[in-house]
Amino acid sequence: MAADWLGSLVSINCGLTLGVYQGEVASVDQASQTISLRQPFHNGVKCPVPEVTFSAMDIKELKVLDMATGSSYNNNNSSSISKTSLGQRVVTDIPPSYSGHSSSQISRGSCVVNSTQASTSAPITILTRKGPQGVSGGRGSAQVTPKKNGVKSGHVGGQMRQRDDECFGDGVDEGLDTDFDFEGNLALFDKAAVFSQIDGSDRHGNQRARPRSTPNEQTQSRYRHDENILEVKPVVYRQISVPVHGGKEYCTDSGLVVPSISYELHKQLVAVAERYGLSLERRLEMTGVCASQMALTLLGGPNRLTPKNVHQRPTVALLCGPHVQGAQGISCGRHLANHDAEVILFLPNLVKMQESITSELALYDKTGGKQVATVKDLPVSPVDLVINCLDCHENPLLRDQPWYQAAASWANQNRAPVLSLDPPVGGQPQVVEAKWTLALGLPLPLAEGHGRVYLCDIGIPKHVFQEVGITYHSPFGCKFVIPLHSA
């Protein structure tokens, strides 16, 4: 009778495509020639549906792993298929429900049903809420497409696959179809306790000693990632001292103190440096490079000076006088023109020019930059940057000249930011208000109105400073232009 099969543990091999199913026989339908398995396993993995139904034409091989103890079906029978060894019990009596089936040949003594009829049906799938497809699972709610078991065809390959299913098919999590609770799992993590353990304190904030640490390690203060530097000796922030205080002090971003010097000491320092070979031409070149580098940064640097931005070249107006400061400005304009900036040089047309001015103009003319002698030839629209080199240290009376007043008036009306290059020190207020000021070597005691002060390295050696009585240690670090702050 078909009821004799209920509760038995069987293994159904549906071929390479559909794989092997194992489970308890829940029902056998003689009319439709189907068999249903309760709590099925597919290739050793727990199926997400409680019941699967197979058709006789899809069954390649059927093995009885354990027969039911009684003729009636036990609903509480939930023995694990993987724990039943293959061939533990051999059934010699086959129920007559399958003995007369014309499409299957049942071999007595081995409990194997070999299907001789070629299967033309589609792969076995599980019934979903949308409707049955192939073999149906009566109480299932998810659709499962069987995987290829990857074993070779034949009886030996089936036995090896069966052994794998029995060894590794037990203890499979039945809740694999449920979503993982991330919030609940995160709530189990006590972040306060973990971070307190990292910080060396308990959950209440009480500091405790770290294991395997020396007393020196316990007393060390904590540092940020940019402060974790081994210090051999304390840092000395006042590394520059001058014989005569200039009246004002500055400090760098790293805290180093940079005192100002008087213009007389500055002239003495330049004279000693020139005696050792740091000529005016070298100082002009160094000043021009540093000033142009700062100007290129103010103009936008790599964000603007790119090959794709040739139609928006920055425009720089250079206001220069007939003196050394003017020669420094011309040198700066030459380097700016070499870096694809549009430079307009204003220099009054005077009869007598210094030699440094003449040599710098000869180099500047080779760059293709524009030079004007009157203010009316300067742009009417605002430019990107104005570099002021009109003032002179030795001759403050130049401010009374008409060309100076006209150029200063144009700079104030142009509404462009102004960079003042090596301005002089005096009691008079600045005619052209600057946003930035670039000092050379060591700063002069500049008054208010010069904007933010920057310092550039013009290449004066350390022993030259010592010869004029200045204890000097370079504050520039890895840069040639650094900002200064009022101390």
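Rule-based calculations on the coordinates, nothing more; no lab input. Remember, predicted model here, so these are calculated numbers, not experimental data. Glycine also receives a Cβ, built like all others from the backbone with ideal geometry; neighbour counts cover every protein chain displayed.
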How would I357, I460 line up from fewest to most surrounding beta-carbon atoms within 10 angstrom?
I357, I460
Fewest-first ordering of H393, H42, H311, H473 by Cβ atoms within 10 Å yields H311, H473, H393, H42
Find how much the distance from T367 to F189 grows on full extension, using 0.36 nm per residue of separation minus their present alpha carbon separation; answer in nm with one decimal.
57.3 nm
Pairwise FRET efficiency - T178 versus V481, Cβ, R0 = 51 Å, nearest 0.05
0.20
If you take the beta carbon distance between K435 and D199 as r and set R0 to 30 Å, what does 1/(1 + (r/R0)^6) give as a FRET efficiency, to the nearest 0.05?
0.10
Would you mind ranking R283, R399, R38 by Cβ crowding within 10 Å, fewest neighbours first?
R399, R38, R283
Tell me the net charge near C392. Cut-off is 10 Å between Cβ atoms, C392 excluded, with +1 for each Lys or Arg and -1 for each Asp or Glu.
-2
For the pair R452 and S474, the simple spin-label estimate (label points 7 Å beyond Cα toward Cβ) gives in nm 2.4 nm
DSSP loop (so not H, G, I, E, B), at most 11 other Cβ within 10 Å: list which GluC sites (Glu not before Pro) in segment 236-304 pass both filters.
none
Trypsin sites (Lys or Arg not before Pro) within segment 325-369, DSSP loop, no more than 12 other Cβ atoms inside 10 Å
K352, K366
At 0.36 nm per residue, and after removing the present C-alpha to C-alpha distance, how many nm does the segment from K376 to Y263 gain when stretched out fully?
37.2 nm
